[in-house]
Amino acid sequence: MTALNIATQIPSQIDTLEKLHAWTSLALFAINSDLTVIEGVGYTERAAQAGNFWVAADSRTRVICRLSLAVSQDYLSASGKPWTFVQPLSNTALPASFSAN
């Protein structure tokens with residue numbers, strides 16, 4: 001698991017869910033860029049993918065994110081919020097550059 005201190009590590013400019021999602025996706029990609037997971041029989045994919053891409057159709061740069069997160073089998077028999085059953089990708093520390101404004 002990548003430990004996170006919400007009070008001190010999330011930059012203060014992150015003030016929307018969209019910014020938070022982009023930040024977490026980019027951080028997970030930065031620390032797990034080579035990690036692959038099995039998503040089907042004979043099919044693997046990178047666990048975290050994120051980056052800025054130019055989309056000519058609307059002349060905008062977009063952050064495109066994709067995460068493949070394992071879910072504990074406990075979710076089948078337990079109650080709780082869905083995200084509480086997500087399993088860690090790695091034990092890699094959050095780079096300091098992601099905590100700076």
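The values are calculated or read from the model by the stated rules, or taken from the named source; none is laboratory data. Model, not experiment: these values are computed from the prediction. No Cβ is skipped: glycine too gets one built from the backbone with ideal geometry, and neighbour counts run over all protein chains shown. Remember, those area values only see protein heavy atoms, side chains included, never the ligands or the DNA or RNA. Shrake-Rupley method; radii C 1.70, N 1.55, O 1.52, S 1.80 Å.
Within the range 51-66, can you find the residues that are open to solvent by 80 Å² or more (accessible area, probe 1.4 Å) and part of a strand (DSSP E or B)?
Matches in the range 51-66: Asn52, Phe53, Trp54, Arg60, Thr61, Arg62, Ile64, Arg66.
Checking Val55 against (1) closer than 28 Å to Pro11 by Cβ; (2) aliphatic (A, V, I, L, M); (3) within 20 Å of the chain's Cα centre (by Cα); (4) modelled with pLDDT of 95 or more, which single condition isn't satisfied?
(3)
State all residues of the range 25-43 that are under 9 Å from the mean Cα position of the chain (by Cα) and of a type in the set (Phe, Trp, Tyr); if no residue qualifies, say none.
Phe29
Restricting the first residue to the range 84-98 and requiring it to be in contact (Cβ under 8 Å) with a residue 60 or more places away in the chain, which pairs with a second residue that is of a type in the set (A, V, I, L, M) and exposed (fewer than 13 other Cβ atoms within 10 Å of the Cβ) meet a Cβ separation below 9 Å and a spacing of at least six or different chains?
Pairs found: Pro88/Met1; Leu89/Met1; Ser90/Met1; Asn91/Met1; Asn91/Ala3; Ala93/Ala3; Leu94/Ala3.
Restricting to the range 29-50, name every residue that is assigned to a strand (DSSP E or B) and free of Cβ contacts under 8 Å to residues at least 40 places away in the same chain.
Thr36, Val37, Ile38, Glu39, Gly40, Tyr43, Thr44, Glu45, Arg46, Gln49, Ala50, listed by residue number.
Can you tell me which residue in the range 67-101 is farthest from Gln13 (Cα to Cα), limited to those that are β-branched (Val, Ile, Thr) and open to solvent by less than 80 Å² (accessible area, probe 1.4 Å)?
My answer is Val71.
Of the conditions (1) within 18 Å of the chain's Cα centre (by Cα); (2) at pLDDT 95 or above, Pro82 clears all except one; give me its number.
Of the numbered conditions (1) within 18 Å of the chain's Cα centre (by Cα); (2) at pLDDT 95 or above, the odd one out for Pro82 is (2).
Are any residues in the range 12-45 crowded, with 16+ Cβ neighbours inside 10 Å and not hydrophobic (A, V, I, L, M, F, W, C), and if so, which ones?
Scanning the range 12-45 gives Thr24, Ser25, Asn32.
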